[in-house]
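Reviewing the structure listed below.
Every read-out reported here was derived from the displayed coordinates using simple, explicitly stated rules and does not represent laboratory data. A quick note: this is a predicted structure, and the numbers were derived from the prediction, not measured. Note: ideal-geometry Cβ built from the backbone for every residue, glycine included; neighbour counts use all protein chains shown.
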Ligand SMILES: O=C(O)CCC(=O)C(=O)O
């Protein structure tokens, strides 16, 4: 009881954050540069940035079809991948088939199996193995050292830094959401994510779903739904209310859902505001091995709208 109340009490987070100075380094300066009188440990939400200019990333400002041709990184891709990347601004995602080789993915799967077997996997929220890139060279390598990060940097038009990796052995079954409610930025749109198929994933295995073009919709932040928080206290179950809000938007706008039936090594990259989630994992005899990388741009102010906390970065 006290524990769940404390989890909602914003000053408790501030006290914790006070001792996280290195993970929040540079935040005071970032606040100052946009004219906010705020300290690195304090609670923060989209409301704090109301009225400040929202600078858009290059492929939000203008279309990838016009801007990408001629780009050094873009020109390295196959014609099939180029077509996907050209549609980034319109769709809010790109599907890069067989982006990673069989060998690269096998190394990741071996590492994840070892983490699970030797009980060092950082399981959280039921189904998620968090931050495996800190324990596995092969995962770190895919996320940070190769072409994936380069293509993500090209799409967002800025330097990025890995915030987290998540590994799944089964479907997330996560309801439709935009990552910007969890990993929020000022200016908006400074998060980018990649989903990697670690095996073939078909409709019975809880595949990823998404709504093409939904990144063009307004970002839904705490003030846009009844989150139930007041003053020093966060709401009791704000995320349930958020999910209901998104469901209502999907219905009222008659958005068309697509399901990603992936092959091992395929990569799905998505925009900070693309609506997506995980389908029901109907056949539990089959696994759904996948991996997600979330990156923040290094220049942006990064925080978590739902819990109104600054993001602690490595
Ligand atoms: O893998 C999935 O089913 C969903 C993952 C997701 O929504 C996310 O990581 O943001």
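Using only alpha-carbon positions in the range 1-126, the gyration tensor eigenvalues give semi-axes of 37, 30, 13 Å once each is multiplied by 5 and square-rooted (largest first). Ordering 32, 55 by the number of other Cβ atoms within 10 Å of each residue's own Cβ, fewest first, gives 32, 55. Computed over the range 109-263, relative contact order equals 21 percent, with contacts defined as Cα pairs under 8 Å that lie 6+ residues apart. Each peptide in 294-303, 183-192, 240-249 receives the mean, over its residues, of other Cβ atoms within 10 Å, and ordering these scores from highest gives 183-192, 294-303, 240-249. Placing a label point 7 Å from the Cα of residue 258 along the Cα-to-Cβ direction, the residues of the range 155-179 whose backbone N falls under 19 Å of that point are 155-156, 176-179. Mean-square fluctuations from a GNM of the chain, with a 10 angstrom spring cutoff on Cα atoms, peak among 88, 58, 270 at 58. Within the listed set 109, 222, 37, the residue fluctuating most in the Gaussian network model of the chain (springs between alpha-carbon atoms under 10 angstrom) is 37. Using C-alpha pairs under 8 Å with a sequence gap of at least 6, the mean separation divided by the residue count of the range 204-276 gives a relative contact order of 56 percent.
Debye-formula intensities of the range 154-310, expressed as log10 I(q)/I(0) at q = 0.13 Å⁻¹, are -0.63 (one equal scatterer per alpha-carbon, no solvent).
Counted residue by residue at 0.36 nm each, then reduced by the alpha carbon distance between them, the extension gain from residue 122 to residue 61 reaches 18.1 nm. Only DSSP H runs of four or more residues enter the estimate; each adds -39500 (n - 2.57), and after division by the residues of the chain the mean residue ellipticity at 222 nm equals -7500 deg cm²/dmol. Here is the tail figure for the chain: Cα pairs spaced more than 30 Å apart come to 33 percent of all pairs.
Ranked for footprinting exposure by Cβ neighbours inside 10 Å, fewest first, 196, 34, 108, 250 give 34, 250, 108, 196. Taken along the Cα-to-beta-carbon direction at a fixed 7 Å, the label points for residue 226 and residue 137 span 5.5 nm. Computed from the Cβ-Cβ distance with R0 of 22 Å, the FRET efficiency linking residue 103 to residue 144 stands at 0.75. Within the listed set 105, 139, 73, the Gaussian network model of the chain (springs between alpha-carbon atoms below 10 Å) gives the highest mean-square fluctuation for 73.
Contact order normalised by length for the chain, with contacts defined as Cα pairs under 8 Å and 6 or more residues apart; what percent is it? The value is 29 percent.
Taking the number of Cβ atoms within 10 Å of each Cβ as an exposure proxy, the fewest-first ranking of 281, 271 is 281, 271.
A crude spin-label estimate for the pair residue 54 and residue 173, with each label 7 Å from Cα along the Cβ direction, gives 3.4 nm.
Cα centroids of the range 1-18 and the range 52-102: how far apart, whole angstrom? The range 1-18 and the range 52-102 have Cα centres spaced 41 Å from each other.
Once the Cβ-Cβ distance of residue 216 and residue 110 is raised to the sixth power relative to R0 = 41 Å, the FRET efficiency obtained is 0.55.
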